[in-house]
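The structure under discussion appears below in the form of structure tokens.
The values are calculated or read from the model by the stated rules, or taken from the named source; none is laboratory data. Worth saying up front: this structure is predicted, and the values here are computed from it rather than measured. FYI the Cβ positions are ideal-geometry reconstructions off the backbone, even for glycines, and counts take in every protein chain you see.
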Amino acid sequence: MKKAIMYGAGNVGRGFLGQLFSESGYEVVFVDIVPALIAALNERRSYRLRLVSNERTEDILIGNVRAVDGRSVEAVIAEIANADIMATAVGANVLPSIAPTIAAAIARRAGDGQIKGAGPLNIIICENLKEAPRIFREMLEQHLPAQHHSYLAERVGLVDAVIARMVPLVPPELQQQDPSLILAEPYKILPVNKAGFVGEIPSIVGLEPHDNFEAYMDRKLYIHNAGHAMLGYLGHLKGLIYGYEALEDPDIRPWLLQALDESQRALIARHGFAPQALREHVEDLLNRFANRALGDTTFRLARDPLRKLGRTDRLVGAASLAWSFGIRPIALSVGIAAALAFDDPRDVSAMELQRRLVQEGLDSVLHDICGLDPKDKIAQMVLAQYEKIRQGKLFP
């Protein structure tokens, strides 16, 4: 039977890729370090995936799975060495920690051991990291003997992916009852970069290989992520707990729709998306944002503003793209200003942002965090909206 390695058995691993691999006829071998989860997967050789929506809840049994402890390095190397396909979903900051193990498995496939005849290995990288394939390839090269660098280049595909399925946290009481239970929305489309594959692209449920992959990355970032950020930051200003509450709020929804319109027009100009298809995508996304069963909080949508306010990230990046095509990012500037005002004490990033605003000033933060010249038009729009927020005048 074909074997898929899923490095990381968390939200994306079990909540998305595990399902796709299993439904495509693969044995799914998870690599993780949580003992209770590993034990549950190995005892049952399956796990429950609970699909939740406003209309219904459905439990699916994901079968033909097992798990390996990531700290058992030799066992992990042996599994990867004869795998047919692989994916990572460990978090961008963990990639450097797993690179040596994966490099050792690649070396074994290249001929250091008994796996000399192994075919190409395609690794789908499901991490929130721009240019993830290039960065991870450099990590692997650092740990791979020089004589195997050509094998890495020619026989290992590093495939970028857009993860758009929403997977909420499992309530602690349910997690205690069943460590392997995972919740997710029904949506299960996985856009991937067609150019990243080596050899024949495998037939996997939900997999959508695209040539112009940058367009789909930008669509995810400047529509999906930007929309979530608008709900998170504006919802925080109004003291709302859940994203769906912000979506339904009569003061917030118009700003959200206008921001998405600004992003849509920019994406059409940049990538040539068909306007009707993009509008349908946005309507579908709004319906998914309204999924109360996910219990997605404004705090989760807003946390880590230092990253989310980056120059090319969801809000500033979308505003800059819009401006480059002559589109005034009025609503997006409201989102940026609201992000600057995010001050939830539970979030270390938010507290650091507020410290820098006090000690360094708004102009410095706009320049150093957002990559905006305080004198340019976008920055001036943000400054005006930020002042409205400070005065409590953003909402009627």
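Figures for the structure shown
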read-out	value
Within region 303-350, tally of residues that are surrounded by fewer than 16 Cβ atoms within 10 Å (Cβ to Cβ), among the polar types (S, T, N, Q) and not in a loop (DSSP other than H, G, I, E, B)	1
Test: Leu306 is closer than 21 Å to Glu131 by Cβ and touching a residue at least 24 places away in the same chain (Cβ under 8 Å)	yes
So Glu387, is it part of a helix (DSSP H, G or I), touching a residue at least 40 places away in the same chain (Cβ under 8 Å) and surrounded by fewer than 16 Cβ atoms within 10 Å (Cβ to Cβ)	no
In region 2-43, the residues that are on the phi > 0 side of the Ramachandran plot and free of Cβ contacts under 8 Å to residues at least 60 places away in the same chain	Gly25
Those strands (runs of 3 or more DSSP E) lying entirely in region 29-97 with at least 2 residues within 30 Å of Ala290 (Cα to Cα) and either in the same structural domain as Gly8 (by TED's automatic domain parsing) or modelled with pLDDT under 95 (or both)	46-52, 57-63, 85-88
Any chance Leu353 is assigned to a helix (DSSP H, G or I), under 25 Å from the mean Cα position of the chain (by Cα), within 24 Å of Met166 (Cβ to Cβ) and aliphatic (A, V, I, L, M)	no
One residue from Ala83, Ala92 being within 26 Å of Lys188 (Cα to Cα), in contact (Cβ under 8 Å) with a residue 40 or more places away in the chain and touching a strand residue (DSSP E or B) at 6+ places or on another chain (Cβ under 7 Å)	Ala83
Hits in region 203-219 (condition: out of contact with any helix residue (DSSP H, G or I) (no Cβ under 8 Å at 6 or more places or on another chain) and either among the hydroxyl-bearing types (Ser, Thr, Tyr) or buried (at least 17 other Cβ atoms within 10 Å of the Cβ) (or both))	Ser203, Tyr216, Met217
Selection count, region 284-317, where residues are among the charged types (D, E, K, R), under 15 Å from Leu332 (Cβ atoms) and touching a Gly at 6+ places or on another chain (Cβ under 7 Å)	1
Members of region 46-67 that are more than 24 Å from the chain's Cα centre (by Cα) and surrounded by 13 or more Cβ atoms within 10 Å (Cβ to Cβ)	Ser46, Gly63, Asn64, Arg66
Scope region 189-202; condition surrounded by fewer than 17 Cβ atoms within 10 Å (Cβ to Cβ) and within 27 Å of Ala322 (Cβ to Cβ); matching residues	Ile189
Test: residue in region 232-249 that is without any contact (Cβ under 8 Å) to a residue 24 or more places away in the chain and assigned by TED's automatic domain parsing to the domain that holds Arg44	no
